[in-house]
Amino acid sequence: MSARGLAAAVRSGERSARSVVDEHLETIRSGEPEIHAFNLVLADEALAAADEVDRRVAAGEDPGPLAGVPVALKDNLCTRGVPTTCSSRILEGWLPPYDATVVERLAAAGAVVVGKTNLDEFAMGSSTENSAFGVTRNPLDLTRVPGGSSGGSAAAVAAGFAPLALGSDTGGSIRQPAALCGVVGVKPTYGAVSRYGLVAFASSLDQIGPFARTVSDAALLLEAIGGHDPRDSTSIPEPAASLTEVLDRGVEGLRIGVIEELSGDGLEGIADDVRSRLGEAASALDEAGATVETTSVPSTVYGLSAYYVIAPAEASSNLARYDGVRYGLRVDAPNAGDMNTATRTAGFGDEVKRRIMLGTYALSAGYYDAYYGKSQKVRTLIVQDFARAYEEFDLLLCPTAPTTAFPIGEKTADPMTMYLNDVCTIPSNLAGHPAMSVPFGVGDDGMPVGVQILAPAMGEPTMFQAAAVLEAAGSGS
Amino acid sequence: MNAEATAPEVVPGWETVIGLEVHAELATATKLFSSAPNRFGGQPNTNVDPVSLGLPGSLPVLNEQAVELAIRVGLALNCQVQRSVFARKNYFYPDMPKDFQISQYDLPINGEGWLELPDGRRVGIERAHLEEDTGKSTHVGGGGRIHEAGYSLVDYNRAGVPLIEIVGAPDLRSAEEARSYVGELRAILVAIGASDGKMEEGSMRVDCNVSVRPVGQAEFGTRCEIKNINSLRSLGRAIGYEARRQVDLITAGERVEQQTRHWNEDEGRTHKLRSKEEAYDYRYFPEPDLVPVAPSDEWIDAIRAALPMLPRERRLRLAEAASVDTEAAALTVERGLDDLAVDAIAEGAAGPRVLVHAENNLADGAGRLDAASFAALVKMETGGDLTATQAKTVLSTLVADGGDPAIVATDLGFEAMEIGEMEALVDRLIAEHPDDWAAFTSGDEQERKKKSGFFVGQVMKATSGQADGRAVNEILARRAGA
């Protein structure tokens, strides 16, 4: 059942929140051992929260738009008194003394948190294989990855553990696993959702966003978590956009551009089946009344390179605080400096270390201009290219990921092939624009394919209109 | 700057060049990026919150009051107040919660400006930027240094307290000038309410760049930065030591290495902390969690309009009122007595006498003395109704108890001696001491001075110190000339 349906049933008293949560906890108990979507299942806390929703319904109070709906949280979102690990040993034992803004807003909306989901350590990865606590498996084929870094959240929704989940997307970490698991995933406009309480990877790129099985549920969740937050200086001073009310408006008259550079012909590695589904999606939008054309956004091809300078640079600074002094892991040594080194050596995994080194190098005296400075210029070019494209088009279209879900272990040996998974998603992070992945058919291997819709800043309503059309067309195909 | 003219040389033939970096804690209610209180003291780790502890997921939000105080500092130092960007300064240290400091780098809130010393000379200000303070470490065992310590304790109460870092140009040429600069800067910061300026509590800290060069050489020598200077006295001592050390090196045929050095107050010397090669690479980059600060012209104008009178303006005002130069007005302004002095002068008191009293007799403040009675007292003194000694005594009564100086003088038995009465006394003393009188009238300048002192002393003795020494000398001169 959809989140919308569950909330309606709970709000009307037709179903108790406890029964809804119980049912999902039962699904988790049976499916979780082989999928491993969660770092932590919060069964007791979830039931207590469900009882509180039921009390509010019984008392005639408004229990909120997500009353009784189970939600899974990526384990880099701070939860008061509940372990928040980022799937890293270095945060072992740390209990945040506060809730992230999105966690507070979920509670206010009546949602029930059922657990903290697995991720690539500190959200660095595209397969959830970089977790210190083991890999998450794709519920549709247990030999394959769920994508990443929010693989646990995507898998939880795909497996029916929760109808909704939150992830974070720095270079595609919501959209790519959504595509690989066959669910809807949204990266909102930078600043549309507060980052307060999201453990930072790359601050200028990170955004929290929803996973859901339907476009409508994703809209419902984004409405609940979005809107201005004074605790985040980069938060847009606007209320959350209304999305659920625009879903049935269709795409009649919309101009949609298919990004040439990210759709196969110009780009190595986009699989034929993915390219075919994209073409069918474009046709579906065309048939629904949109004008669909191929267009060029040339600098997007440099996005990946710029991203792998900017994101590690910011990460090298953001992750400096894990030094063993105040919280988390400490490996003792004779003096403070050696203790820092020993702690970080033991606490971080290989990918995190790789990116800290990349970023430290890129910011070093004498290299800054050549790497960080140049990458920021590329970023500006991408913003300008998008701006030009959006003079002609309302939305842009391209694949979410180059391929369907790949086998566990296939790409772990070569970081570069892993990084290429994000080639289509990264430009939106660099530009700060919204983008979402909508399932659209399957590949030759029977695994889901995601189509990505891109919009200019604050363009979520139009983006969701097109997503609803694609969803309807895709489910029929 | 034309500081060369008067700077004393530590070693003959050598000139000391000094540039100071002053960190002052801004007197805000809360920290620079969070609502944790900005309060000195308190139990360790109580004035903290997730942001000032740099906990994962926390984000900085800029304190508007800190920006306003920083702009006040900029305006008071005649700086260009401009759009600014925060940057991260990355280095590992246990008392820095995030292992980076949020500071400003290439775009500081205040650009170039200047500060005028009490003697009227101007010192360049290169910039004055906002940044957050660190916590405080206590290293236990191993002589109190981090690398040898048995363990270290960290108190994050100070972490995130707003600082303004004021970078002065290398325009100072002596320890005295450096002390004068810091004193003036402190007076400005206190006057505008930006900081309490307490060096002993660490709310104002001075790092000092020192180099030396042969007098007449245009290029600067290689500089060393001295840290851990905790008082104005240390500042002067450290500069003197460091300048001599550098001159000794050069005269011995060695080179000065660019270093950061630590001042040891007990030993009275500096020692090397690290060389230029060992300096940190701070890997500055723009702080992505904050947006640029772009204060509007309206806001800056409003802050400017609300600025109180600055020490420099107070010196100018008093100097003009008292018809003296600004340097002569400096001490009275420094003591905070200039409002009183200006008002007393406006009531007709002689400016120079007012300043003499302010400098010599009101070191501990004016107490209950008001401008009207101060003026009345000075007028009695200059009118010959009170001697300088009597005026001083009356003044101390007015400071302690207030009141009318005429009544106080009467109560103290201070009556001006009739001039005829005084002449009769002098004539009697001349008759009683003929040898001394002869020596006075026929002796050389020195002898005459000595004997005038003798006769004034005798008059004072006879009048219990109530006579006016100048009047006595005038009578003696008249008698000798007759």
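Here are the numbers for the structure shown:
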| read-out | value |
| --- | --- |
| Unique match (being within 20 Å of A:ASP273 (Cβ to Cβ) and either modelled with pLDDT of 95 or more or surrounded by fewer than 24 Cβ atoms within 10 Å (Cβ to Cβ) (or both)) among A:MET416, A:MET436, A:MET458, A:MET447 | A:MET447 |
| From the options B:PRO94, B:PRO108, B:PRO118, residue that is away from chain A (no Cβ under 14 Å) and surrounded by 22 or more Cβ atoms within 10 Å (Cβ to Cβ) | B:PRO108 |
| Among the residues listed as B:ILE102, B:ILE18, the single one being modelled with pLDDT of 95 or more, in contact with a strand residue (DSSP E or B) (Cβ under 6 Å, 6 or more places away or on another chain), in a strand (DSSP E or B) and more than 14 Å from chain A (Cβ to nearest Cβ) | B:ILE18 |
| Hits in the range B:424-435 (condition: surrounded by fewer than 17 Cβ atoms within 10 Å (Cβ to Cβ) and either of a type outside the set (Lys, Arg) or assigned to a loop (DSSP other than H, G, I, E, B) (or both)) | B:ALA424, B:ASP427, B:ALA431, B:GLU432, B:HIS433, B:PRO434, B:ASP435 |
| Within the range B:276-301, tally of residues that are among the hydrophobic types (A, V, I, L, M, F, W, C), in a loop (DSSP other than H, G, I, E, B) and within 8 Å of chain A (Cβ to nearest Cβ) | 2 |
| Residue count, the range B:247-275 (criterion: assigned to a loop (DSSP other than H, G, I, E, B), farther than 21 Å from B:ILE229 by Cα and free of Cβ contacts under 8 Å to residues at least 24 places away in the same chain) | 3 |
| Condition met for A:THR214 (surrounded by 18 or more Cβ atoms within 10 Å (Cβ to Cβ) and either free of Cβ contacts under 8 Å to residues at least 40 places away in the same chain or outside the structural domain of A:ALA431 (by TED's automatic domain parsing) (or both)) | yes |
| Residue check for A:ALA178: closer than 18 Å to A:ALA435 by Cβ, in the same structural domain as A:LEU95 (by TED's automatic domain parsing) and out of contact with any helix residue (DSSP H, G or I) (no Cβ under 8 Å at 6 or more places or on another chain) | no |
| Single match in B:LEU62, B:LEU53, B:LEU77 (criterion: closer than 16 Å to B:GLY113 by Cα, aliphatic (A, V, I, L, M) and out of contact with any Asp or Glu (no Cβ under 7 Å at 6 or more places or on another chain)) | B:LEU77 |
| Selection status of B:ALA409, surrounded by 16 or more Cβ atoms within 10 Å (Cβ to Cβ), among the small types (Gly, Ala, Ser) and under 18 Å from B:ALA341 (Cα atoms) | no |
| Filtered residue count, the range B:241-272, keeping only those that are in contact with a His (Cβ under 9 Å, 6 or more places away or on another chain) and surrounded by fewer than 15 Cβ atoms within 10 Å (Cβ to Cβ) | 3 |
| Residue in the range A:181-209 that is nearest to the other protein chains (Cβ to nearest Cβ), counting only those that are under 15 Å from A:THR117 (Cβ atoms) and not β-branched (Val, Ile, Thr) | A:LEU198 |
| Test result for A:SER233, over 30 Å from B:PHE33 (Cα atoms), of a type in the set (Gly, Ala, Ser) and surrounded by fewer than 24 Cβ atoms within 10 Å (Cβ to Cβ) | no |
| From B:VAL48, B:VAL73, B:VAL81, B:VAL85, residue being within 12 Å of B:GLU287 (Cα to Cα) and not aromatic (Phe, Trp, Tyr) | B:VAL85 |
| Members of the range B:39-54 found to be closer than 20 Å to B:ASP289 by Cα and more than 7 Å from chain A (Cβ to nearest Cβ), listed by number | B:VAL48, B:ASP49, B:VAL51, B:SER52 |
| A:ARG344 vs. criteria of a type in the set (D, E, K, R), in contact (Cβ under 8 Å) with a residue 60 or more places away in the chain and within 11 Å of another protein chain (Cβ to nearest Cβ) | yes |
| Residue in the range B:60-79 that is in contact (Cβ under 8 Å) with a residue 24 or more places away in the chain and in a strand (DSSP E or B) present | no |
| Exclusive hit being under 30 Å from B:LYS89 (Cβ atoms), out of contact with any Lys or Arg (no Cβ under 7 Å at 6 or more places or on another chain) and within 14 Å of chain B (Cβ to nearest Cβ), set A:ALA336, A:ALA315 | A:ALA336 |
| Residues of the range A:344-386 that turn out to be loosely packed, with under 13 Cβ neighbours inside 10 Å and either at positive phi or of a type in the set (A, V, I, L, M) (or both), as a count | 4 |
| Condition check for A:VAL383: without any contact (Cβ under 8 Å) to a residue 60 or more places away in the chain, under 18 Å from A:SER203 (Cα atoms), in contact with a helix residue (DSSP H, G or I) (Cβ under 9 Å, 6 or more places away or on another chain) and not charged (D, E, K, R) | yes |
| A:TYR327 being surrounded by fewer than 23 Cβ atoms within 10 Å (Cβ to Cβ) and touching a residue at least 60 places away in the same chain (Cβ under 8 Å) | yes |
| Qualifying residues in the range A:99-121 (those that are in contact (Cβ under 8 Å) with a residue 40 or more places away in the chain and surrounded by fewer than 20 Cβ atoms within 10 Å (Cβ to Cβ)) - the one nearest to the other protein chains (Cβ to nearest Cβ) | A:ALA107 |
| Any strands (runs of 3 or more DSSP E) falling wholly within the range B:131-194 and containing at least 1 residues that are modelled with pLDDT of 95 or more, crowded, with 18+ Cβ neighbours inside 10 Å and of a type outside the set (Phe, Trp, Tyr) | B:151-155, B:162-168 |
| Residue in the range B:384-395 that is farther than 20 Å from B:ARG470 by Cα and surrounded by 12 or more Cβ atoms within 10 Å (Cβ to Cβ) present | yes |
| Test result for A:GLU314, among the acidic types (Asp, Glu) and outside the structural domain of A:ILE256 (by TED's automatic domain parsing) | yes |
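Yes/no per residue for (1) within 14 Å of another protein chain (Cβ to nearest Cβ); (2) more than 19 Å from the chain's Cα centre (by Cα); (3) β-branched (Val, Ile, Thr); (4) surrounded by 19 or more Cβ atoms within 10 Å (Cβ to Cβ):
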site: A:LEU221; (1), (2), (3), (4): no, no, no, yes
site: A:ALA224; (1), (2), (3), (4): no, no, no, yes
site: A:PRO237; (1), (2), (3), (4): yes, yes, no, no
site: A:SER242; (1), (2), (3), (4): no, yes, no, no
site: A:GLU245; (1), (2), (3), (4): no, yes, no, no
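Conditions (1) in a helix (DSSP H, G or I); (2) within 30 Å of A:ARG379 (Cα to Cα), marked per residue:
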| residue | (1), (2) |
| --- | --- |
| A:ASN421 | yes, yes |
| A:MET436 | no, yes |
| A:GLY441 | no, no |
| A:VAL449 | no, yes |
| A:ALA457 | no, yes |
| A:THR462 | yes, yes |
| A:ALA466 | yes, yes |
| A:GLU471 | yes, no |
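The values are calculated or read from the model by the stated rules, or taken from the named source; none is laboratory data. Keep in mind it's a predicted model, so treat the numbers as computed, not measured. Counting neighbours? That spans all protein chains shown, and the Cβs are built from the backbone with ideal geometry, glycine included.
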